[in-house]
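Beneath this line is the structure, given in structure tokens, with notes to follow.
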Amino acid sequence: MGELHCLNMGCADCTVIRSGNDSYLVDCHDIESHSNLLPQDKRLRGVIITHQHYDHFDGLDFLRRNNYSIDILAYSPYERRNEDSSVEYDEWQAFKNLRDYFEGRGTKLYFPYRQESFDRPWWDAGMLRFFVLGPASHITKSPTRELHDASLVLHVTLGKRACLFAGDASDTSLRHVADNTTGFCGDILHASHHGSINGAELEFVKKCNASETLVSTKSGVHSNVPSSTAMQRYSNHTKKKVWRTDISGSVKWTF
């Protein structure tokens with residue numbers, strides 16, 4: 001028995017997955033506000049940071065200050081360049097400092113690209129199986145790359161359920177997933193980029209064939225977020241229900 005908690009964080013992301021005695025985070029913004037969902041022994045089996053923006057990783061500081069341990073920390077393989085406007089220097093350094101702290105305490109670090117084959121998961125964690133669908137290395141290393149091009153895109157099987165975590169992946173990355181992967185969602189879609197039109201690539205949304213779509217968003221934080229066009233795409237191509245955290249609050253599934 002397990003639980004998938006997609007938390008109401010406004011235009012930010014934090015998901016807690018609890019499976020038996022193990023706990024995982026996919027992004028961790030303001031996890032302090034939901035610390036009741038964290039394990040009492042303060043051991044997290046895995047934390048996955050889709051990309052190095054504060055609204056996805058800043059909860060690592062709470063975990064550091066409160067002496068949590070992390071077995072595995074996985075994150076985007078992006079390489080920042082000088083004067084890279086897609087991620088500020090201070091933001092980039094803040095993530096690196098937190099990463100280095102946990103590595104110094106024994107955390108294993110991974111920064112994966114898209115798998116060459118999906119015959120096996122990137123990580124088989126028992127009831128949970130993690131597949132890395134993006135980013136593709138050629139997109140991540142492009143001379144015109146931006147951080148969202150390198151956001152991790154993950155398919156996670158949860159017993160008989162599954163969730164596709166799109167992080168804040170760009171249209172370029174999502175279209176590559178759609179064009180080169182079969183059956184990559186089929187159940188829950190954790191939509192990219194808080195309902196922005198950037199990340200609601202139409203062919204990707206169609207081919208997800210999602211049963212339910214979760215959009216972590218809040219009106220008024222950014223202009224045109226959530227985008228009416230993006231939300232219409234999710235509505236048109238989701239079989240059961242589109243959840244908006246600013247309307248429904250946090251959403252929980254069991255598996």
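Key figures
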| item | result |
| --- | --- |
| With 10 Å bins from 0: P(r) over region 2-254, alpha-carbon pairs, percent | 7, 34, 40, 18, 1 |
| Helical contribution to [θ] at 222 nm, DSSP H n ≥ 4, -39,500 (n - 2.57), averaged over the chain, rounded to 500 | -6500 deg cm²/dmol |
| Highest to lowest packing among 147-160, 112-125, scored as the average C-beta count within 10 Å | 147-160, 112-125 |
| Region 11-92: translational diffusion in µm²/s, Stokes-Einstein, Kirkwood Rh over Cα pairs, 10 °C, 1.306 mPa s | 120 |
| Euclidean distance of C-alpha centroids, region 98-126 and region 1-58, integer Å | 16 |
| Length gained when the stretch Arg43-Ser228 is fully extended (0.36 nm per residue, less Cα-Cα span) | 62.6 nm |
| Rounded D (µm²/s) - region 79-157, Kirkwood Rh over Cα pairs, Stokes-Einstein at 4 °C, 1.567 mPa s | 90 |
| Region 2-254, relative contact order [Cα under 8 Å, separation at least 6], % | 17 |
| DSSP beta bridge pairing in the chain, given as percent antiparallel to the nearest 5 | 55 |
| Rg/Rg_globular for region 119-255, with Rg_globular taken as 2.2 N^0.38 Å and Rg from C-alpha atoms | 1.01 |
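Every number here is computed from the coordinates shown, using simple stated rules; none is lab data. Note that the coordinates shown come from a computational prediction; the quantities given were computed from them, not determined experimentally. FYI the Cβ positions are ideal-geometry reconstructions off the backbone, even for glycines, and counts take in every protein chain you see.
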